[in-house]
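Everything on this sheet refers to the single structure shown next.
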Amino acid sequence: MSIRPLDGITVLSFEHAIAAPFCTRQLADLGARVIKVERPGVGDFARGYDERVRGMASHFVWTNRSKESLTLDVKGEGAQDVLEAILPEVDILVQNLAPGAAKRLGLSFEQLHEKFPRLIVCDISGYGEGGPYEKKKAYDLLIQSESGFVSVTGTKDDMAKAGCSIADIAAGMYAYTNILSALILRDRTGEGSHIDVSMLESMVEWMNFPMYYAFEGQTPPIRAGAAHAAIYPYGPFPVAGGQTVMLGLQNEREWKVFCEQVLKQAALAEDERFMNNTLRTTNRDALRDLIVQSFASQSKDDVIALLEEAGIANASVNDMQGVWDHPQLKARERWENIDSPVGELPALLPPGRNNRYDYRMDAVPGLGQHTDAILHELNLSDAQIEKLKTNGVV
């Protein structure tokens, strides 16, 4: 078996919901051992979000493969002994507990660094350490709102959130990349780092285009549904049979070709209403009517064929089944089967191929599935483990 980049790295994660689990799952993809600490009998509350995957929650299946589940009531009698035994073996500690909870449990970077100087501690929170919002509750939708995302997403009449948890994903991704950089830094300095990642700052980074577009009080981008707020035609257009084609024009050369080869109306390229992108965006309603009329009698496949021949970027608007069945993903063999408490499940390989190693694609853990094995590994006796179980600590 090939060597993975994070083989031999151990992660201890006090995590729930999405941001931290998404971060640590990606560390597991690269070979890290991820020990997920969960509440006895309850576990990560994301386990109960829904039952769509043969009884398991869709979010949980997505973000928790290749991990070991350790049930531990960190406030229970004997829990500190377990933590004291496991921490010397840990390279990275990740947590997205409530603000201040990690410090109360003795798990802050400041409390751990002197004893474990190589330990990397990554705190993920809604608003970050310090500031007036430090203790404010934060969920994905709320951060989409605070970051301005919701204000520029949706239609003219109605705001909309993203259809997936992008604030959690953004924070998870920045936590993941910060941890990788901290590992590189540790190799150079011998010292662990403290990483403070906020969902708000992660999302605001993604919002820099609309923010600069509205620089110094200028009008923000309009809410344009699935269309682009500042480029036109760029978005969804209906075709025959009630289907939709997404197309995108980026420059004046493409606009001219689009008029000649797709719309079959060469003169439209010189229409004074549409002679550059600013004018096309200003007069988008009139231009949309012309495009819709042209596409009305043509099937999706026919329109896409015209767009492909003309070299105009386009896409099908797939539903979820369309993505499961996507021919490109199948052709590139991007699906693997993983194990789980409910049997084998399909799972998408992480984006990006490396010719030197294969990603780790192990099972989604059952609640507490690895507790006994981990405690035995820490040299706890059967009697000690039984006492922890009797007291509800594990």
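The values are calculated or read from the model by the stated rules, or taken from the named source; none is laboratory data. Only a predicted model underlies this, so the values are computations on that prediction, with no experimental measurement involved. Please note: Cβ atoms are built from the backbone with ideal geometry, for glycine as well, and neighbour counts cover all protein chains shown. For accessibility, only protein heavy atoms count, side chains too; no ligands or nucleic acids. Shrake-Rupley method; radii C 1.70, N 1.55, O 1.52, S 1.80 Å.
Restricting attention to segment 313-333, does a residue exist that is of a type in the set (A, V, I, L, M), at pLDDT below 95, part of a loop (DSSP other than H, G, I, E, B) and over 30 Å from LYS67 (Cα atoms)?
yes
Inspect all residues belonging to segment 385-393 and state whether any of them is open to solvent by less than 80 Å² (accessible area, probe 1.4 Å), more than 26 Å from the chain's Cα centre (by Cα) and among the polar types (S, T, N, Q).
At the first step, the residues of segment 385-393 found to be open to solvent by less than 80 Å² (accessible area, probe 1.4 Å) are 385, 388, 392-393.
From the residues that got through so far, the ones that are more than 26 Å from the chain's Cα centre (by Cα) too are 385, 388, 392-393.
Next, from what is left, pick out any that are among the polar types (S, T, N, Q): none.
Within segment 385-393, none of the residues are open to solvent by less than 80 Å² (accessible area, probe 1.4 Å), more than 26 Å from the chain's Cα centre (by Cα) and among the polar types (S, T, N, Q).
Here is a yes/no grid of residues against (1) within 20 Å of ILE195 (Cα to Cα); (2) small (Gly, Ala, Ser); (3) open to solvent by 30 Å² or more (accessible area, probe 1.4 Å):
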site: TYR133; (1), (2), (3): yes, no, yes
site: LEU141; (1), (2), (3): no, no, yes
site: SER151; (1), (2), (3): no, yes, yes
site: GLY154; (1), (2), (3): no, yes, no
site: MET159; (1), (2), (3): no, no, yes
site: ALA167; (1), (2), (3): yes, yes, no
site: ALA175; (1), (2), (3): yes, yes, no
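Go through (1) over 24 Å from ARG47 (Cβ atoms); (2) within 19 Å of the chain's Cα centre (by Cα); (3) of a type in the set (Gly, Ala, Ser) one by one and return the number of the condition ALA331 breaks.
Going through the list (1) over 24 Å from ARG47 (Cβ atoms); (2) within 19 Å of the chain's Cα centre (by Cα); (3) of a type in the set (Gly, Ala, Ser), ALA331 breaks only (2).
Only one of (1) in contact (Cβ under 8 Å) with a residue 24 or more places away in the chain; (2) under 18 Å from ILE195 (Cβ atoms); (3) open to solvent by 10 Å² or more (accessible area, probe 1.4 Å); (4) part of a helix (DSSP H, G or I) is not met by PRO99, so which one is it?
The one condition PRO99 does not meet is (4).
Under 7 Å between Cβ atoms, which residue pairs at least 6 apart in sequence (or on different chains) link something in segment 357-368 that is charged (D, E, K, R) with a partner that is in a loop (DSSP other than H, G, I, E, B) and open to solvent by less than 20 Å² (accessible area, probe 1.4 Å)?
Close Cβ pairs satisfying both conditions: ARG360/GLY31; ARG360/SER66; ASP362/ARG65; ASP362/SER66.
Return the residue satisfying two criteria in turn: it lies in segment 24-36 and is hydrophobic (A, V, I, L, M, F, W, C) and open to solvent by less than 10 Å² (accessible area, probe 1.4 Å), and of such residues it is farthest from GLU68 (Cα to Cα). Step through it out loud before you land on a result.
The first filter runs over segment 24-36 and keeps only residues hydrophobic (A, V, I, L, M, F, W, C), leaving 27-28, 30, 32, 34-35.
Adding the requirement that they be open to solvent by less than 10 Å² (accessible area, probe 1.4 Å) leaves 27-28, 32, 34-35.
Details: LEU27: 13, ALA28: 10, ALA32: 11, VAL34: 6, ILE35: 5 Å.
Residue satisfying both the conditions and the ranking: LEU27.
Taking segment 222-276 only, how many residues are on the phi > 0 side of the Ramachandran plot, free of Cβ contacts under 8 Å to residues at least 24 places away in the same chain and surrounded by 14 or more Cβ atoms within 10 Å (Cβ to Cβ)? Walk me through it before giving the result.
Let us first name the residues in segment 222-276 that are on the phi > 0 side of the Ramachandran plot, namely 225, 235, 241-242, 264.
Adding the requirement that they be free of Cβ contacts under 8 Å to residues at least 24 places away in the same chain leaves 235, 242.
Then keep just the ones that are surrounded by 14 or more Cβ atoms within 10 Å (Cβ to Cβ); that gives 235.
Looking only at that region, the number is 1.
In segment 179-232, how many residues are under 25 Å from the mean Cα position of the chain (by Cα) and part of a loop (DSSP other than H, G, I, E, B)?
10
The conditions are (1) closer than 20 Å to GLY126 by Cα; (2) outside any loop (DSSP other than H, G, I, E, B); (3) touching a residue at least 60 places away in the same chain (Cβ under 8 Å), and ARG25 fails exactly one of them. Which is it?
Exception for ARG25: condition (3).
State all residues of segment 37-82 that are part of a loop (DSSP other than H, G, I, E, B) and open to solvent by less than 20 Å² (accessible area, probe 1.4 Å); if no residue qualifies, say none.
GLY43, ASP44, ALA57, ASN64, ARG65, SER66, LEU72, GLY76
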